[in-house]
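Below: the structure, in structure tokens.
The values are calculated or read from the model by the stated rules, or taken from the named source; none is laboratory data. Since we're looking at a predicted model, the values are computed, not measured. Because the Cβ atoms are built from the backbone with ideal geometry, glycine has one as well, and the counts that use them run over all protein chains shown. The protein model used for the area step is the full one, side chains on, heavy atoms only, and it has no ligands, DNA or RNA in it. Shrake-Rupley method; radii C 1.70, N 1.55, O 1.52, S 1.80 Å.
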Amino acid sequence: MSLLSCLHNDLRTCVNLLLPAACPWCGALLTVGSDPADICADCQQGIQPLPASHCPCCAQPHATRSNTPHHCEDCLRCPPPFSKVHAVGLHAGSLKEAVHRFKYRDNPGLNISLGRLMTTSLAQTLGPFQPDLVAPVPLHPRRLRSRGYHQALELARPIARQLRVPLAAQLLQRVKTTPPQQGQNAADRQRNLRDAFAPGAPLAGEQILLIDDVMTTATTARECARVLREQGAGNVQIAVLGRA
Ligand SMILES: [Zn+2]
Ligand SMILES: [Zn+2]
């Protein structure tokens, strides 16, 4: 470590000790000495975990409580081209608010804290799945220009670093913009997403961990995973912050 970076780290430690950081999710002051990417206890408690009764494949909470793990109707009727969805929690409470702010405003503290939350959660749920590549769900260049920010890529970066796996930002391309999916039925969503993604370089059986911020209907994840499998991917799993 260079002298300059030693000094920089010492200075940062001093600043953290003297000036308490603010919670990147709600702005509340954190206890002195906290890391600027930590979130406060209230925000932490506001994260609602997935209910015990959820689909082991797509993580959709079951409408009725059940003690036996079983697939949801969607996955039974039409098995998805991915094998599992990892979610930090429900798309509700403090996590939903943080994701909303993350999507529409560029706040570096937010993406660090959300990325960290996702890597901690993945460490507990990945099990024997060892991805060869980490890839974000792609954003259309026009959307990227208007938003100035690709939230799935911002999440994928720290996850790839933490898992020590290459980040493949161009693995899929978004070649078609689609209207917002809310209020559309499943058939419309699927029709709109047809040909929305184009494959990048061919794959040879690699295991892919695909990252997105929220999963509502799984239509986007299904379409991305389908294109990846056609491209030659082996197993595809999905990681999101919130599952609706
Ligand atoms: Zn907070
Ligand atoms: Zn399912």
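Given the stretch 131-244, what helices (runs of 4 or more DSSP H) lie entirely inside it while holding 1 or more residues that are closer than 24 Å to SER94 by Cα and open to solvent by 50 Å² or more (accessible area, probe 1.4 Å)? Explain how you work it out, then say what you get.
On the way: elements: 141-147, 151-163, 186-193, 219-231.
Here the list reads 141-147, 151-163.
Which residue out of PRO24, PRO20 is open to solvent by less than 70 Å² (accessible area, probe 1.4 Å), part of a loop (DSSP other than H, G, I, E, B) and modelled with pLDDT under 80?
PRO20 is the lone residue from the list that is open to solvent by less than 70 Å² (accessible area, probe 1.4 Å), part of a loop (DSSP other than H, G, I, E, B) and modelled with pLDDT under 80.
Residue count for the stretch 66-112 satisfying the condition of being within 16 Å of ligand 2 (Cβ to nearest atom), over 18 Å from the mean Cα position of the chain (by Cα) and open to solvent by 60 Å² or more (accessible area, probe 1.4 Å): 10.
Being closer than 20 Å to LEU241 by Cβ and open to solvent by less than 50 Å² (accessible area, probe 1.4 Å) is the filter here, so list the residues in the stretch 28-37 that pass it.
Within the stretch 28-37, the first condition is being closer than 20 Å to LEU241 by Cβ, and the residues that meet it are 35-37.
Matches in the stretch 28-37: ALA37 only.
Please specify each residue of the stretch 27-49 satisfying the condition of being in a loop (DSSP other than H, G, I, E, B) and closer than 15 Å to VAL99 by Cβ. Those that are in a loop (DSSP other than H, G, I, E, B) and closer than 15 Å to VAL99 by Cβ: ILE39, GLY46, ILE47, GLN48.
Among residues of the stretch 38-61 being of a type in the set (A, V, I, L, M) and near ligand 1 (Cβ under 10 Å from one of its atoms), the one that is most open to solvent (accessible area, probe 1.4 Å) is ALA41.
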